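What follows is a single structure, written as structure tokens, with notes after it.
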Amino acid sequence: MSSNRIQTVGIIGSGTMGNGIAQACATSGIRVVMVDIAQAALDKGMATVAGSLDRLIKKEKLTAEGKAQALARIKTSTNYEELKGAQLVIEAATENEALKVKILQQLDALLAPEVIVATNTSSISITKLAAATQRADRFIGMHFFNPVPMMALVEIIRGLQTSDATHHTVKALAEALGKTPITVKNAPGFVVNRILCPMINEAIFVLQEGLATAEEIDAGMKLGCNHPIGPLALADM
């Protein structure tokens, strides 16, 4: 499947990550079908997208017409059947392995064989999740970062059987969304979280040892390493 055939992206989950991915796709001219179990959750997700687009208008990065066009590209539904027209479906449900497996099995039974399925997991093995489907070669990890509309990075994680064609298509899609993709092997924490979590832990150890206050530790990392937020502030979040 060539990247120019990704005209419609399905998204499972309308929470923080799901609605952020939906916004990124819609503002890039890609149609979206966002599915969740409750209409109230979908309405909340769409309200979040609308508010985010309004902030872009205030910053003069988007016009009112651009907002209307983006919102018009997002269709919401509580029915998985609506995903049948998508060329790629991204699972962005809660970080719960059993739930993700259940969703992926439902998707696998519903979607045409050529459809690519991606998961937005930040920690669960891509190979293990792929095993819940009959399309391991067309299964891949797309780890977006929060807030999705603002964060440039997407980690693309290949499972053991992910095909080169699937990787190429998903990488091209990430670039079409204005993101910078990095390709990562399947391992706990992938790349960013593997590095980030020990850093946060080390900051806590420094605080426990009384080497500096929390404010001083955060200031040191922000000013000395040019981090936008300190590790202890990140831990608080």
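The values are calculated or read from the model by the stated rules, or taken from the named source; none is laboratory data. Keep in mind it's a predicted model, so treat the numbers as computed, not measured. To get the accessible areas, we keep the full protein, side chains included, count just its heavy atoms, and leave off ligands, DNA and RNA. Shrake-Rupley method; radii C 1.70, N 1.55, O 1.52, S 1.80 Å.
Please compute the per residue accessible area over the chain with all protein chains in place, 1.4 Å probe, rounded to a whole number of Å².
Computed with neighbouring chains in place, this is 51 Å² per residue.
In deg cm²/dmol, rounded to 500, what helix-only [θ] at 222 nm does the chain give when every DSSP H run of at least 4 residues adds -39500 (n - 2.57) and the total is split over its residues?
Numbers: 9 runs with 106 residues, N = 237.
Result for the chain: -14000 deg cm²/dmol, rounded to the nearest 500.
Can you divide the C-alpha Rg of the chain by 2.2 N^0.38 Å and report the result to two decimal places?
Details: Rg = 18.8 Å, N = 237, 2.2 N^0.38 = 17.6 Å.
Normalised Cα radius of gyration, the chain: 1.07.
Suppose accessible area is computed on protein heavy atoms with a 1.4 Å probe; arrange Val192, Val117 from highest to lowest. Provide the component values of the computation, followed by the final result.
Working: Val192 40, Val117 5 Å².
The most accessible residue leads, giving Val192, Val117.
Between helix 192-208 and the chain, what is the angle of the helix's C-alpha long axis to the longest principal axis, kept within 0 to 90° and rounded to the nearest 10?
That works out to roughly 30 degrees.
Ignoring any ligand, DNA or RNA, what whole percent of the accessible area of region 53-148 comes from carbon and sulfur when the probe is 1.4 angstrom?
49
Working from Cα positions, state the angle (0 to 90°, nearest 10) between the long axis of helix 97-110 and the longest principal axis of the chain.
The angle comes out at about 20 degrees.
Please list the non-local residues whose amide H lies under 5 Å from the amide H of Val148, H modeled 1.01 Å from N, same-chain partners needing a gap of 5 or more.
Hits under the 5 Å cutoff: none.
Could you work out how far helix 164-176 tilts from the main Cα principal axis of the chain, as a 0 to 90 degree angle to the nearest 10?
Result, in degrees: 70.
Starting from the Kirkwood Rh over alpha-carbon pairs, what translational D in µm² s⁻¹ does region 148-211 have by Stokes-Einstein at 10 °C and 1.306 mPa s?
Numbers: Rh = 13.8 Å.
Taking Rh from Cα pairs, D becomes 115 µm²/s.
Would you kindly find the accessible area of Glu202, with a 1.4 Å probe and non-protein molecules such as ligands, DNA and RNA excluded, rounding to the nearest 10 Å²?
So the heavy atoms of Glu202 present about 100 Å² to solvent.
Taking θ as phi - 60°, what are the ³J(HN,Hα) couplings along region 149-157 by the Karplus curve (6.51, -1.76, 1.60), each to the nearest whole Hz, with x for Gly and Pro?
Coupling constants for region 149-157: x, 9, 7, 7, 8, 10, 7, 9, 10 Hz.
May I ask which of Lys61/Lys84; Lys44/Lys179; Lys59/Lys179; Lys61/Lys185; Lys44/Lys67; Lys102/Lys179 have a Cα-Cα span longer than 23 Å here?
Values: Lys61/Lys84 33 Å; Lys44/Lys179 25 Å; Lys59/Lys179 20 Å; Lys61/Lys185 35 Å; Lys44/Lys67 17 Å; Lys102/Lys179 29 Å.
Pairs exceeding 23 Å: Lys61/Lys84; Lys44/Lys179; Lys61/Lys185; Lys102/Lys179.
Return the sequence-ordered ³J(HN,Hα) values of region 231-236 in whole Hz as given by the Karplus equation 6.51 cos²θ - 1.76 cosθ + 1.60 applied to θ = phi - 60°, using x for Gly and Pro.
Working through the residues one at a time gives x, 6, 5, 5, 4, 4 Hz.
Could you tell me the convex hull volume per residue, in Å³, taken over the Cα atoms of region 75-190? Mind showing how you got there, number by number?
Details: hull volume 12.2 nm³, N = 116.
For region 75-190, the hull spanned by Cα atoms encloses 105 Å³ per residue.
Report, largest value first, the span of the C-alpha coordinates of region 47-136 along each principal axis, in whole Å.
So the three principal-axis extents are 45, 28, 21 Å.
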